[in-house]
Amino acid sequence: MFYVSTRGDSDKKKFCDILLEGLAPDGGLYLPQNYPQLNADDLQRLRQIYLNQGYAHLAFEILSLYIDDISREDLLALCVKTYTEDIFGSRLITPLRKLDDQVAILALSNGPTLAFKDMAMQLLGHLFEYELKRKNQQLNILGATSGDTGSAAEYAMRGKQGVRVFMTSPDGRMSQFQQAQMFSLMDENIFNIAIQGVFDDCQDIVKEVSSDLAFKQAYKIGTVNSINWARLLAQVVYYFAGYFQATSSHSQRVSFAVPSGNFGNVCAGHVAKMMGLPVSKLVVATNENNVLDDFFKTGLYKVRDSSHTYETSSPSMDISKASNFERFIFDFLNRDASKTAELFSTQLQAKGEFSLAHHPEFSKIGHVYGFVSGNSNHQQRLQAIKTIHEKYGQLIDPHTADGLNVAQQFLEPGIPMVVLETALPIKFSDVILEAIGQVPPVPDKFKGLANSPLRFLTMPADTRMVKDFIAEQCG
Ligand SMILES: *Cc1c(COP(=O)(O)O)cnc(C)c1O
């Protein structure tokens with residue numbers, strides 16, 4: 001299997017060539033040159049593998065369709081190490097729980113940081129360690145976080161050979177829970193840097209360091225952002241796991257509702273559908289930051305600047321520009337790389353928007369690709385949390401509430417609707433308190449967290465100082 005850039009770079013690459021990379025050299029994103037096709041027999045075989053041998057073996061089967069430069073034996077071992085009952089809390093790894101006859105919730109958030117990013121990041125940690133060892137290389141991951149991504153990256157990379165993590169975050173601006181989760185890590189290869197500033201300052205520092213190519217090369221600076229193909233690929237697996245739990249035969253179809261921000265999660269659903277998984281709808285659910293919803297309704301993709309990006313009660317979906325969106329548009333344009341480059345590098349750069357409203361295929365986007373969309377606001381999230389609590393005695397987090405709200409608009413008779421649970425309520429206890437008048441129970445493994453000793457350092461928003469610190473650690 002070779003990988004191509006959405007903007008047409010002619011170098012064909014293997015999985016491990018792109019594993020440690022972000023963007024392609026031409027600024028595009030990597031995609032496999034084709035999607036392996038699964039027929040009814042294949043689906044039946046995968047169903048049996050998931051039910052009899054477990055999630056890790058299902059992951060191995062799917063990953064091995066896309067990875068042929070790691071031996072099958074090693075790849076299986078990596079999957080088995082990653083997806084354990086011990087780390088994800090159940091044998092099914094992503095168990096499905098029914099709300100009623102039609103709607104069910106796919107639990108993706110039982111990993112170490114209680115958000116779905118663990119599903120991909122935990123695998124990435126093992127893949128990175130494996131590949132760095134093979135290449136006899138070191139990697140220094142530099143990131144900026146306001147919560148979720150940073151903690152998922154740290155929990156994935158802690159204790160891994162060949163990797164250090166330098167994670168900047170805005171000093172005093174993360175939730176207590178998220179801060180304790182990250183800063184309580186004592187691993188020698190994890191460095192938490194609280195920057196005296198806001199999230200944008202952290203991001204600017206990362207950008208400045210990354211644009212200093214000499215420094216970047218000398219100190220092997222890398223990232224783990226959501227455009228990484230390996231992360232997306234890992235996410236394809238749970239669409240299969242969700243499908244197998246929601247159905248008993250491959251003659252049935254399923255819809256998925258996905259709380260969306262950077263379009264990574266739902267793009268993995270798109271890949272699963274392209275491979276032949278019987279998916280009816282892919283419901284793109286946004287919050288008040290509804291750039292994606294606007295696109296699927298009107299064909300106009302209009303990015304926003306940070307002053308028009310709202311802070312909401314589903315903060316992991318507060319994006320103004322969906323970094324994975326280009327992957328779907330490339331497929332939609334029949335993989336016309338020059339047209340994709342024209343839209344994303346020329347038009348978006350110049351005008352901050354492009355429109356496909358008049359594209360002859362746009363009106364069929366729901367029919368052909370399954371994409372439909374909607375958004376919800378703070379009051380609607382609170383209402384959903386309250387209703388689910390009253391009706392079913394269950395708690396959902398505000399992101400999952402966005403998913404559930406929009407899912408209601410797209411129910412079809414006889415087709416199960418699977419809502420992806422992207423975080424657990426404990427991470428957003430203030431919103432839960434507002435919705436139902438009580439805070440969610442703290443899971444056992446986090447009971448001592450509030451009193452754990454913390455390990456972090458504080459710095460002014462000064463790129464020079466961050467660079468010096470990295471250089472010092474690399475000694
Ligand atoms: C990252 C995240 C999302 C958005 O996922 P994308 O892949 O960026 O679309 C939604 N909910 C939670 C809790 C997240 O952490």
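Some notes on this structure:
- Within region 154-165, being farther than 11 Å from F128 by Cβ, touching a strand residue (DSSP E or B) at 6+ places or on another chain (Cβ under 8 Å) and surrounded by fewer than 21 Cβ atoms within 10 Å (Cβ to Cβ) holds for one residue alone: R158.
- Helices (runs of 4 or more DSSP H) enclosed by region 371-475 - at least 1 residues per element that are away from the ligand (no atom under 15 Å from the Cβ): 378-392, 429-436, 463-474
- Residue within region 233-243 that is within 12 Å of the ligand (Cβ to nearest atom), within 22 Å of G366 (Cα to Cα) and not acidic (D, E) present: yes
- Selection of region 143-168 for residues being at pLDDT below 95, more than 17 Å from A230 (Cβ to Cβ) and not in a loop (DSSP other than H, G, I, E, B) yields A144, D148, G150, S151.
- Test: residue in region 99-115 that is closer than 30 Å to Q408 by Cβ, part of a helix (DSSP H, G or I) and under 13 Å from the mean Cα position of the chain (by Cα): no
- Evaluation of M459 against the conditions (1) modelled with pLDDT of 95 or more; (2) loosely packed, with under 15 Cβ neighbours inside 10 Å; (3) farther than 28 Å from V266 by Cβ shows that the sole unmet condition is (2).
- Qualifying residue in region 76-99 (condition: small (G, A, S) and in contact with a Leu (Cβ under 6 Å, 6 or more places away or on another chain)): no
- For S313, the criteria (1) in a helix (DSSP H, G or I); (2) closer than 30 Å to D430 by Cα; (3) not β-branched (V, I, T) hold in every case but one, which is (1).
- Region 265-306 - residue that is over 20 Å from F354 (Cα atoms), small (G, A, S) and touching a Leu at 6+ places or on another chain (Cβ under 6 Å) and, of those, surrounded by the most Cβ atoms within 10 Å (Cβ to Cβ): G269
- Meeting the requirement of 1 or more residues that are farther than 24 Å from M119 by Cα and of a type in the set (S, T, N, Q), no helices (runs of 4 or more DSSP H) wholly within region 1-71 can be named.
- Residue within region 178-186 that is within 15 Å of the ligand (Cβ to nearest atom), assigned to a loop (DSSP other than H, G, I, E, B), in contact with a Lys or Arg (Cβ under 8 Å, 6 or more places away or on another chain) and closer than 18 Å to P443 by Cα present: no
- The set of residues in region 322-361 being part of a loop (DSSP other than H, G, I, E, B), touching a Lys or Arg at 6+ places or on another chain (Cβ under 8 Å) and surrounded by fewer than 18 Cβ atoms within 10 Å (Cβ to Cβ) consists of G352 alone.
- Here is the figure for region 297-356: residues that are over 18 Å from D200 (Cα atoms), of a type in the set (F, W, Y) and within 16 Å of the ligand (Cβ to nearest atom) total 3.
The values are calculated or read from the model by the stated rules, or taken from the named source; none is laboratory data. Source: prediction; values computed, not measured. Note: ideal-geometry Cβ built from the backbone for every residue, glycine included; neighbour counts use all protein chains shown.
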